[in-house]
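Before I ask anything, let me first share the structure, which is written out below as C-alpha cells.
The values are calculated or read from the model by the stated rules, or taken from the named source; none is laboratory data. Predicted, not measured: the structure shown is a model, and the values here were computed from it. Every residue, glycine as well, gets a Cβ built from its backbone with ideal geometry; the counts of neighbours run over all protein chains shown. Ligands, DNA and RNA are excluded from the accessible area calculation, which covers all protein heavy atoms including side chains. Shrake-Rupley method; radii C 1.70, N 1.55, O 1.52, S 1.80 Å.
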Amino acid sequence: MFKRILLKSLATTAFGLGALGTLMHYQPDNRLCAANKAPEQNKKHRIWLRSENCEKLNHPEKLFLCTGNANRPLAEDIAKHLGTSLGNALVSKFSDGEINIQIKDNVRGKDVYIIQPTCPPVNENLMELLLLISTARRASAKRVTAVVPYYGYARQDRKMTSRVPISAADVAKLLETVGVDRVISMDLHCGQIQGFFSPRVPADNLDGSAVLLDYVIENTQIFTDPNKIVVVSPDAGGVGRARKFQERLIARGFYGAELAMIIKQRKAASQIERMDLVGSVDGKDCIVIDDIVDTAVTFLAME
C-alpha cells in the first residue's frame, strides 16, 4: 500500500504539484463502486492499482533518488515505476558502528528524494535519514525531499504525564536542522504532527485508505454480507480516520456500513487495562482502521 500511493505522490511532487492532490484528481465517474465494478479485461486500469499507470519522469536526469538500508526494495520499486533508477549512494558502517554516508553521483542543482522509513531499528534508520539529508544539502542539491512512509516517534506527540519529551516534534526539528525542504509521510499517528514543521518545510500526510477502499470494493467476497460492515476505530484518537473510511464506503455503495470504536485504558505502553466497545458489531464483519500495529496487543484484546 505504501508503494502504490508514494509512487504517484513522488511523480507529481517531482513536477511541482501537491502530494495530496495526487489522491484526489481522479474523476468521480471513474471511481469503482460496489454495484459497478470494473470489467476483468480492464484490470490494468483499475484505480486501486494506482502504481500500474504511474507517470514516468520526463527529465529523470534532474532528479536523484536514493535510500538508506531501511527498505531498499520499496525504493527500487518506486524508481522502476518512475522509469529511472536509484542513484549511487553508499550507506555503510565504520568498524565502531558509526554510519558512513557518501553520495557518489553529482547532485548539484538536482531535486533529491530520499526514500527512508524510520521503521525498526528506528534510531539507526533515523540517523541514516538525517545524514543522507545533510550530505545532499552539503553537496549543493537544489531541493531535498524526505519520503518517510513510517514516521518514527509519532506516538509521542504530546505530554501525557510530567517530565516526558514530545519526541514527534523533536524529530521534526532534527529534519529541519539538517536541511530538508519537504517531508512526505503516510497515515501519521495524528495530523497535528504536520504542525511541528515550520512553514518553510511543508509536510504532506498521505491517506492510505484511498487504496484500501478500492481493494475492499474489488474483493467483496471477503465479507459474509457486504451490507453488514462495521468500521472500527481501536481507540478514541482514531475515530476521525475510521469515520472518513466509513463515509467513503457509503459513498461507494456500502450503504449499511456502520461505525464503532474502542475506548482503551492503559497501564503503560503496550499494556491494556480495560477496553469498552461503543457501537454494535454483533453478527457483522469488522474493518479495523489503525495507523500502527506494533505488538498487536490491541487486536488480541479485541478478540
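To the nearest 10 Å², what's LEU300's accessible area with a 1.4 Å probe?
LEU300 has an accessible surface of roughly 120 Å² with all protein chains in place.
If R₀ is 25 angstrom, what is the calculated FRET efficiency for the pair LYS228 and VAL297, using the beta carbon separation as r and rounding to 0.05?
Efficiency for this residue pair is about 0.35.
I'd like the chymotrypsin sites (Phe, Trp or Tyr not before Pro) in region 254-303 restricted to DSSP loop residues with at most 16 other Cβ atoms within 10 Å, sorted by number.
Within region 254-303, the qualifying chymotrypsin sites (Phe, Trp or Tyr not before Pro) (loop, at most 16 other Cβ atoms within 10 Å) are TYR255.
Right, something else. Considering only protein heavy atoms, what is the solvent-accessible area of HIS59 at a probe of 1.4 Å, reported in Å² to the nearest 10?
Around 100 Å² of this residue is reachable by solvent.
Quick one: order ILE222, ILE289, ILE166 from most to least accessible surface, probe 1.4 Å.
ILE222, ILE166, ILE289
Same structure again: Only sites in a loop by DSSP and with at most 16 other Cβ atoms within 10 Å count here; which trypsin sites (Lys or Arg not before Pro) in region 71-122 make the cut?
Filter output for region 71-122: LYS104, ARG108.
I'd like the accessible area for SER140, computed on protein heavy atoms only with a 1.4 Å probe and all protein chains in place. Round to 10 Å², please.
For SER140, solvent-accessible area is about 50 Å².
Also, I was wondering about something else. What is the extension gain from LYS93 to SER162, computed as 0.36 nm multiplied by their sequence separation minus the C-alpha to C-alpha distance, in nm to one decimal?
This chain segment gains 21.1 nm when fully extended.
Could you check the simple spin-label distance between LEU174 and LYS104, using points 7 Å along Cα→Cβ, in nm with one decimal?
If labels sit at LEU174 and LYS104, their model points lie 2.8 nm apart.
Full extension from SER134 to ALA251: what is 0.36 nm times the residue separation minus their Cα-Cα distance, to one decimal in nm?
Separation in residues times 0.36 nm, less the Cα-Cα distance, equals 37.6 nm.
Can you tell me the accessible area per residue over region 193-303, all protein chains present, probe 1.4 angstrom, in square angstrom?
Dividing the accessible area of region 193-303 by its residue count gives 52 Å².
Check GLY208: other-chain or 5+ apart residues with amide H under 5 Å from its amide H, H built from backbone geometry?
ASP187
Rounded if a/c is under 1.5, else prolate if a/b beats b/c, else oblate: with a ≥ b ≥ c from the C-alpha gyration tensor eigenvalues square-rooted, which is region 153-238?
oblate
Restricting to DSSP loop positions (anything but H, G, I, E, B) with no more than 11 other Cβ atoms inside 10 Å of their own Cβ, which trypsin sites (Lys or Arg not before Pro) remain in region 128-215?
Sites meeting the loop and neighbour criteria: ARG158, LYS159, ARG163, ARG200.
Shape verdict for region 81-208, please, from the Cα gyration tensor: rounded (a/c under 1.5), prolate (a/b greater than b/c) or oblate.
prolate
Whenever you get a sec, line up VAL148, VAL278 from highest to lowest accessible area (probe 1.4 Å, protein heavy atoms).
VAL278, VAL148
If you stretched the chain out fully between SER85 and ASN123, how much longer would it get, using 0.36 nm times the residue separation minus the C-alpha to C-alpha distance?
Answer, rounded to one decimal: 11.0 nm.
OK, next. Take MET186, MET127, MET275 and sort them by solvent-accessible surface of the protein heavy atoms, 1.4 Å probe, largest at the top.
From most accessible down to least: MET127, MET275, MET186.
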